[in-house]
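Below: the structure, in structure tokens.
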Amino acid sequence: MSKSKPRKTLTSATWAVCLSLLLIGGCAAQAVAAPTPDKILCRPELAASRRQELAERLREITGWRNLHFSEDGILRFGASQAEGGSQTARELLQKAARGSRLLVFEDASRRADVVFSRVVEGRWKKDAGTKPSVYLVQVDFKDFSHVMGDRDALAAFNVGWGVLHEISHAVNDSPDTERAGEVGECEALVNRMRRECGLAERAEYHFHLYPGQEQSQFKTKLVRLAFEHQEPETNKKRRLWLMWNAELVGGLK
Ligand SMILES: [Zn+2]
């Protein structure tokens with residue numbers, strides 16, 4: 001996510017990340033052989049605590065209470081019926097699991113060029129012609145820990161929502177908007193998921209400098225991102241805000 005420029009979509013992505021065959025080659029072979037949901041997995045380096053955090057957020061959103069990462073790092077949806085949650089999120093994950101592309105979660109918490117999350121196309125080092133195309137979903141877990149603001153907006157903006165946004169890019173090839181004041185096609189789908197969960201919706205794709213920050217002499221650069229929540233009793237929309245220090249999270253340039 002960025003302040004002025006949109007995040008690159010798959011169609012405009014010009015960079016690629018090489019994957020080590022040793023790291024996920026075995027998983028890829030398994031993904032081709034089995035028709036069940038093993039197209040979504042994580043790198044072995046993704047710490048157990050990060051996997052648990054991501055799985056917990058996805059359980060909340062999907063209502064799949066048994067969703068988890070298996071020991072070999074594959075995202076399993078679990079056999080139980082959904083309890084609440086978003087039908088659209090479940091459909092997106094099922095579509096990804098049936099698709100031809102491999103989605104690999106990666107911890108990008110030390111990367112300055114990842115603002116919350118992004119998806120980039122990976123490239124096999126060997127035998128690329130015989131392997132499925134692969135997309136790295138890079139998650140900056142630390143960025144999310146810097147976010148503060150209204151509680152109802154915080155519930156609608158975490159690593160779970162971030163990866164669903166990136167998966168939608170990878171599966172639907174839906175773009176982000178370049179215009180201020182708009183949500184964009186990709187985030188509109190994520191907003192539908194939030195609505196199904198009874199949560200606040202993002203009012204805009206881009207974040208902006210907190211009013212007055214342009215003249216600030218301090219190194220801290222506060223930015224804010226707008227959400228709105230429709231109150232069920234009155235049907236009125238309430239504006240909510242999230243904010244963070246963009247010097248820590250990035251995305252200002
Ligand atoms: Zn995006």
With respect to the numbered conditions (1) buried (at least 23 other Cβ atoms within 10 Å of the Cβ); (2) on the phi > 0 side of the Ramachandran plot, which one is the sole condition not fulfilled by LEU164? (2)
Just checking, which of LEU189, LEU252 is open to solvent by less than 60 Å² (accessible area, probe 1.4 Å) and outside any loop (DSSP other than H, G, I, E, B)? LEU189
Based on what the data block shows, is ALA180 touching a His at 6+ places or on another chain (Cβ under 8 Å) and modelled with pLDDT of 95 or more? no
If you go through the stretch 192-208 one residue at a time, how many are open to solvent by 10 Å² or more (accessible area, probe 1.4 Å) and part of a helix (DSSP H, G or I)? 3
Taking into account only those residues within the stretch 108-161 that are among the aliphatic types (A, V, I, L, M) and assigned to a loop (DSSP other than H, G, I, E, B), which is most open to solvent (accessible area, probe 1.4 Å)? ALA112
Filter pass, GLU204 being of a type outside the set (Lys, Arg), in contact with a Gly (Cβ under 9 Å, 6 or more places away or on another chain) and either more than 16 Å from the ligand (Cβ to nearest atom) or without any contact (Cβ under 8 Å) to a residue 40 or more places away in the chain (or both): yes
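Say we look at the stretch 109-123 and pick out the residues that are among the hydrophobic types (A, V, I, L, M, F, W, C) and touching a strand residue (DSSP E or B) at 6+ places or on another chain (Cβ under 6 Å); which of these is nearest to the ligand (Cβ to nearest atom)?
Ranking the candidates gives VAL119 first.
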Residue satisfying all of: in the stretch 177-186; buried (at least 17 other Cβ atoms within 10 Å of the Cβ) and farther than 20 Å from LYS95 by Cα; nearest to the ligand (Cβ to nearest atom) among these: GLY184
VAL223: closer than 28 Å to VAL120 by Cβ, assigned to a strand (DSSP E or B) and touching a helix residue (DSSP H, G or I) at 6+ places or on another chain (Cβ under 7 Å), yes or no? yes
Restricting attention to the stretch 133-148, does a residue exist that is within 19 Å of CYS197 (Cα to Cα) and either more than 14 Å from the ligand (Cβ to nearest atom) or not polar (S, T, N, Q) (or both)? no
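Yes or no, residue by residue, for (1) at pLDDT 95 or above; (2) farther than 29 Å from LEU248 by Cβ:
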{"position": "LEU21", "(1), (2)": "no, yes"}
{"position": "LEU46", "(1), (2)": "yes, no"}
{"position": "LEU54", "(1), (2)": "yes, no"}
{"position": "ARG59", "(1), (2)": "yes, no"}
{"position": "GLY63", "(1), (2)": "yes, yes"}
{"position": "ALA96", "(1), (2)": "yes, yes"}
{"position": "ASP107", "(1), (2)": "yes, no"}
Test LEU67 against the criterion of being touching a residue at least 40 places away in the same chain (Cβ under 8 Å) and crowded, with 20+ Cβ neighbours inside 10 Å, and give yes or no. no
Conditions (1) at pLDDT 95 or above; (2) touching a Ser or Thr at 6+ places or on another chain (Cβ under 8 Å) -> SER174 fails only (1)
Please go through the stretch 138-191 and pick out each residue that is over 11 Å from the mean Cα position of the chain (by Cα) and hydroxyl-bearing (Ser, Thr, Tyr). SER145, SER174, THR177
Log entry, pairs with first residue in the stretch 101-118 being touching a residue at least 60 places away in the same chain (Cβ under 8 Å) and over 19 Å from TRP161 (Cα atoms), second being in a loop (DSSP other than H, G, I, E, B) and within 16 Å of the ligand (Cβ to nearest atom), beta carbons closer than 8 Å, six or more apart or on different chains, reads ALA112/GLY250; ASP113/GLY250
Test: GLU178 is touching a strand residue (DSSP E or B) at 6+ places or on another chain (Cβ under 8 Å) and among the acidic types (Asp, Glu): no
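The values are calculated or read from the model by the stated rules, or taken from the named source; none is laboratory data. Because the structure is a prediction, the values reported are computed rather than measured. All Cβ positions, glycine included, derive from the backbone under ideal geometry; neighbour counts span all protein chains shown. What goes into the accessible areas is simple: the full protein's heavy atoms, side chains included, and nothing from ligands, DNA or RNA. Shrake-Rupley method; radii C 1.70, N 1.55, O 1.52, S 1.80 Å.
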